[in-house]
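In what follows, a structure is listed as structure tokens, so that the remarks can point back to it.
FYI, it's all coordinate maths here, none of it is from the lab. Remember, predicted model here, so these are calculated numbers, not experimental data. In this analysis, Cβ positions are derived from the backbone assuming ideal geometry, glycine residues included, and neighbour counts consider all displayed protein chains.
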């Protein structure tokens, strides 16, 4: 029998973070224990559970029978709490500007569907979170990468952005703190980004701020709080800072300083209504996280920072690796300097997995051009596990 053809849009999708799990699963089936430093799921690592008061709110919602459909744009109380949170970050967000989604990933899909047509462009950082490359093509658009300086803390290359901007660029993306590099943009850099975007009347900014509460530099600011001229889609949610990724609750908040998003907003709302709603009890859990005390976050951040510093110390001592210290999130984008592997990061990752049973993600999975010669690791594992992993990585480099 001849295979029924798959659509080109589906066949071209790649998600390196989960693709590398396939060979790891095969090794596990053979009885091997894998040290997994590949996926940004804080619940997969010890000592960082979803806070109890949020779980209790989720459970209480279930007990009250709140398992039906909720409003397509999100529960009103949650939208109001999110708006207050955004106002505290420095801009005039109203609850009607907030739309609750199945995580930031669905928010991205909806934004792309509402703003992109054949021939449109998305300008996104390279390296970047893979959906920024995968999803725009579904709508006939093209993602073009702008550079981040790998020798200067992965700072934004503004000259590269200027050179690549044109009238077809609909969305200019800033992931801040960045995934996978951990760079945190400064206020001055955000202002410069806005000044570039405002030259193009049809350009909007996507500010992916899902890691904003994991900023170790003290310099993170909301993009929406800085823009008086350019529309901004602020993205955030419960997954990373509130340690509940499996709940799949995120949001987009629309900042429209020049009142030019009426048609886009209408398109977004039509799309949201057509897909019904986000999980009702999970929204209640997120609401508890926003409204109750956040004192617990300091303890969590201290753990994450200690694990980051351990990784920096270990990498510095390993011949064949180097890294720019990340300022936020919980990733490191490690440069491979060993001449055998620097031009084949994917093979490095696969051989490290098979030989030493340590799973990381090849840098080229985040950008074929700008991620080449790197790998991303998640530094949320316990210090004991991280030390074990680095012992194995060092042994691999010495013997292969």
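Seen against the Cα atoms of the chain and their longest principal axis, helix 262-274 is set at about 70 degrees.
For the chain, the longest principal axis of the Cα atoms and the long axis of helix 383-399 meet at an angle of about 50 degrees.
State, as an integer percentage, the relative contact order of segment 52-291 based on alpha-carbon contacts under 8 Å between residues 6 or more apart. About 29 percent, as a whole number. Annotation: the antiparallel percentage among DSSP beta bridges lying fully within the chain is about 55.
Note on residue 1 and residue 217: the extension gain reaches 71.9 nm, defined as 0.36 nm multiplied by sequence separation minus the Cα-Cα distance.
How big, in percent, is the set of alpha carbon pairs in segment 33-185 lying more than 29 Å apart? Counting pairs separated by more than 29 Å, the tail of P(r) holds 36 percent. Computed per residue of the chain from DSSP H runs no shorter than four, each worth -39500 (n - 2.57), the mean residue ellipticity at 222 nm is -11500 deg cm²/dmol.
Rounded to whole Å, the principal axis extents of the Cα atoms in segment 52-291 read 56, 38, 30, largest first. Taking all Cα-Cα distances within segment 249-290, those exceeding 12 Å account for 69%. For the chain, the longest principal axis of the alpha carbon atoms and the long axis of helix 103-115 meet at an angle near 60°. As a proxy for reagent exposure, ranking 345, 266, 60 by other Cβ atoms within 10 Å from fewest up yields 266, 60, 345. Label sites at residue 295 and residue 398, each approximated as a point 7 angstrom past Cα along Cα to Cβ, lie 4.7 nm apart.
Suppose R0 equals 30 Å. What FRET efficiency, 1/(1 + (r/R0)^6) with r the Cβ-Cβ distance, do residue 382 and residue 187 give to the nearest 0.05?
Calculated transfer efficiency: 0.30.
The mean sequence separation of alpha-carbon pairs under 8 Å and at least six residues apart, normalised by the residue count of the chain, gives a relative contact order of 23 percent. Kindly work out what percent of the DSSP beta bridges joining two residues of segment 52-291 are antiparallel, to the nearest 5. The antiparallel proportion sits near 40 percent.
Once you reduce segment 239-309 and segment 30-52 to the center of their Cα atoms, the two points are 22 Å from each other. Calculated from the structure at hand, log10 I(q)/I(0) by the Debye sum over Cα atoms at q = 0.07, 0.09, 0.10, 0.13 Å⁻¹ is found among (1) -0.29, -0.49, -0.60, -1.04; (2) -0.32, -0.54, -0.67, -1.15; (3) -0.36, -0.60, -0.74, -1.19 as (2). Rounded if a/c is under 1.5, else prolate if a/b is larger than b/c, else oblate: which is segment 1-121, with a ≥ b ≥ c the root eigenvalues of its Cα gyration tensor? Judged from the Cα gyration tensor, segment 1-121 comes out oblate (a/c at least 1.5, b/c at or above a/b). Subtracting the Cα-Cα distance of residue 9 and residue 96 from 0.36 nm times their residue separation leaves 28.0 nm of extension gain.
Taking a ≥ b ≥ c as the square roots of the eigenvalues of the alpha-carbon gyration tensor, segment 129-263 is classed rounded because a/c is under 1.5. Here the Kirkwood formula puts the hydrodynamic radius of segment 193-322 at 17.7 Å, using every distinct Cα pair. Available extension along the chain between residue 84 and residue 59 is 6.5 nm, counting 0.36 nm per residue and deducting the alpha carbon span. Could you tell me the calculated FRET efficiency between residue 258 and residue 142, based on Cβ-Cβ distance and R0 = 22 angstrom, to the nearest 0.05? Efficiency, rounded to the nearest 0.05: 0.25.
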